[in-house]
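Down below is the structure, laid out as C-alpha cells.
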Amino acid sequence: MVVVIPAYNEELVIGSVVLRARRNADTVIVVDDGSKDNTAEIARLAGADVVVMPQNGGKAAALMAGFERAREYSAEAVVMIDADGQHNPEEIMTVATPVLAGEADLVIGSRFIGEKADIPVYRRFGQEVLTLCTNASSTCRTTDSQSGFRALSRRAMANLDFASEGYSVESDMIAHFASRGLVIEEVPISVRYDVPHKHKKNPVSHGLGVLGNIISLIGYRRPMLTFGVPGFLAMVLGAFLGWHAFHAYYVTNKFPYELSILTAFLMFSGMLLCAVALILNELVLIVKAQKAGQKI
C-alpha cells in the first residue's frame, strides 16, 4: 500500500506524519508543492519518497504528481492524506480496507458519520453546503465530499483523467468516478483542528472558490437543474406578478409601470434560462452519445 501526502510549508509536522504513516503503509510519497521551508528535506529524512514540484501549483496538481509516482509501485491501494496533522495516520488501514477487500474503488474518510468529530461550527456549515452541492453534481451521495483522507483502488488510479484545480479536486474526483460507474463508499474517521498551520487559505475564499467550481460542474452535468428550474420558477413568479399588474390596472385604471417592468423582466429571463437549459441538455446528450459510441 502507498500513501500520498501533498505538502506545502509543513516542516513543523511533516516528519511525524510521515513516520506514523510508514507504520501503516509500504511506501509514503510526499509531494513538496513548491514549499519555501524544509518540508522536502524533513520528509526525506523521515523515510518518504519525495517528489519536488518546481513551484506551488495547488493541491490538485500536487496530488496528481503523487499519484503518477504511486503508479510505479503497482500498489493494491493508494491512500491520500493531508500533511498538516489533522488526519490520524493510524486510521490508514481503516480507510483502505474496503479497497483492499475489493468492495470499493474510492473510500472517503468521513468526519460526519459514526462518532461526530469536534468541528468548528463555521467549518461544519461550509462543509455541509459544499457536500450538498457536490451531491447535486453527481449521482453519488456522500456525507463529507471535501475530506482529503481517501483510498483509491487500481481501477480508480486508472481513471484519474479529469481536470481539476486547487482544493476542488475532492469534489471533482467524486463526480468523475461516479460518472464512470466506480464504487464509492465512506468510512468514519477522526479529525483534529489544533494543528500549527490549520488551513492555509482563508476559509471563506476557499469555500467560495470550491463552490464556484462545483456550480460550474452542476451546470455542465445537469443543465436542466441549473438553468431550467430557476427559469421555470422565474416564469411562474412573472406570471403571478403579471396577474397582479393586470388586476391593479383593472381596478385603478392606472398602469402599474414598476410591476409591469418586473413582470416582463422575469418572464424574459425565465424563457431565456429555459432555452439555455434545453440547448445545453441537448449538447450533453450528444456528448454522452459520442462517448458511448467511442467505448463501443
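Restricting the search to the range 241-257, which residues are exposed (fewer than 12 other Cβ atoms within 10 Å of the Cβ) and under 45 Å from the mean Cα position of the chain (by Cα)?
Trp243
Only one residue in Pro188, Pro203, Pro196, Pro230 is modelled with pLDDT of 90 or more and either touching a Pro at 6+ places or on another chain (Cβ under 8 Å) or not polar (S, T, N, Q) (or both), so which one is that?
Pro188
The values are calculated or read from the model by the stated rules, or taken from the named source; none is laboratory data. Remember, predicted model here, so these are calculated numbers, not experimental data. In this analysis, Cβ positions are derived from the backbone assuming ideal geometry, glycine residues included, and neighbour counts consider all displayed protein chains.
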